[in-house]
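Readers should treat all values here as calculations from the given coordinates under stated rules, not as data from a laboratory. All figures in this text were calculated on a predicted structure; none of them were measured in a lab. Cβ coordinates were reconstructed from backbone atoms using ideal geometry, including for glycine residues, and neighbour counts include every protein chain displayed.
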Amino acid sequence: LFVNDDLGEGQSVPLSRDHAHYLFGVMRLTAGDRILLFNGRDGEVSARVVEAGKRGGTLLVEAVTKPLQMPPDLWLLFAPIKKARTDFIVEKAAEMGAARICPVATEFTNSERIRQDRLQAHAVEAAEQCGGTWVPEVAGLEKLDRVLDDWPADRQLMFCDEALVGEAASSSALTGGLGRGGDAPWAILIGPEGGFSDRERQRLRGFDFAHRVSLGPRILRADTAAVAALTLWQMQLGD
Ligand code: SAM
């Protein structure tokens, strides 16, 4: 269970109404039972239920069960699509260990608004379900051009470009440019359902940090492309 409180040994953790409902109403825990907690800072700890009520309760942190495991320094930039598919992308990126998830508005993005709090909650749920000790941060929606204007000097970008589909060298482009880039931090960029505009593609091609990558000979839906790209990155550069 994810909580915001500090989780040092002996720390008591007050429960919100929602958490109390989940632990005591749904999971049927009672005083004396134990539960695993994490807050994204202190690793995973085991805590004992001290007080169990309908509207609240208290846990007591007993011992660290897993140290904090930081994910690789990988960002996923993607153009938001339909709500359920955007949720899917955030959930899968959190499961696969992206450290930061950044929705970006491109020229052909049709969802101009996102619910950042909702997406962050999905990231928390995904981290809970896969036993993570860390929750990726979901950033607010920003224009791709702005993000590129302020691009950090050393970060490499895996630019997933659907225009490579059908080009003669597409299969070698699968991992082309990725190589083993030393310890440089990375980001992955996935476009919207309408793909990238010619102007965006030209701009991206002008940056040394951007490596055009094909995800194979078929055009994938953006949510599939995000999972494929995360898998490819993990295979080539992940740890
Ligand atoms: N409407 C575009 C077209 O027909 O060319 C397709 C866009 S695709 C549905 C959405 C995004 O997924 C693309 O912008 C790209 O980032 C990524 N993508 C999908 N298939 C890809 C592939 N085979 N290689 C590289 N990127 C791909």
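General remarks:
- Couplings 3J(HN,Hα) for region 58-74, derived from phi with the Karplus relation 6.51 cos²θ - 1.76 cosθ + 1.60 (θ = phi - 60°), are 9, 10, 10, 6, 9, 7, 6, 9, 8, x, 4, 10, 6, x, x, 7, 10 Hz, where x marks Gly and Pro.
- In plain terms, the residue of Arg113, Arg212, Arg41 with the fewest other Cβ atoms within 10 Å comes first and the most crowded comes last, giving Arg113, Arg41, Arg212.
- Euclidean distance between Cα centres, region 186-200 to region 144-163, Å: 10 Å
- Mean residue ellipticity, 222 nm, helices only, the chain: the sum of -39500 (n - 2.57) across DSSP H runs of n ≥ 4, divided by residue count and rounded to 500, is -7500 deg cm²/dmol.
- Note that region 215-226 has calculated 3J(HN,Hα) couplings of 9, x, x, 10, 7, 8, 5, 4, 5, 5, 4, 4 Hz, one per residue in order, obtained from phi through the Karplus relation 6.51 cos²θ - 1.76 cosθ + 1.60 (θ = phi - 60°); glycine and proline are x.
- Phi-derived couplings, Karplus 6.51 cos²θ - 1.76 cosθ + 1.60 at θ = phi - 60°, listed residue by residue for region 19-36: 5, 4, 4, 5, 6, 9, x, 8, 7, 6, 6, 9, 3, x, 6, 10, 9, 8 Hz, with x used for Gly and Pro.
- Summing charges over all other residues whose Cβ lies under 11 Å from the Cβ of Asn39, with Lys and Arg as +1 and Asp and Glu as -1, gives -3.
- For the pair Cys130 and Phe207, a Förster radius of 35 Å applied to the C-beta separation gives a FRET efficiency near 0.60, rounded to the nearest 0.05.
- Here the contact order of region 12-66, divided by its residue count and restricted to Cα pairs under 8 Å and six or more residues apart, works out to 41 percent.
- Loop-located chymotrypsin sites (Phe, Trp or Tyr not before Pro) across region 83-137 with a Cβ neighbour count of 14 or fewer within 10 Å are Phe108, with loop assigned by DSSP.
- Length-normalised contact order of the chain in % [C-alpha pairs under 8 Å, at least 6 apart]: 19 percent
- Distance violations [Cα-Cα > 29 Å] among Lys54/Lys83; Lys82/Lys143; Lys92/Lys143; Lys83/Lys143: Lys54/Lys83
- Sites matching chymotrypsin sites (Phe, Trp or Tyr not before Pro) across region 1-48 that sit in DSSP coil, with at most 12 neighbouring C-beta atoms within 10 Å: none
- Ranking of His21, His211 by count of other Cβ atoms within 10 Å, fewest first: His21, His211
- Counting beta carbons within 10 Å around each of Thr58, Thr30, Thr133 and listing the fewest first gives the order Thr30, Thr58, Thr133.
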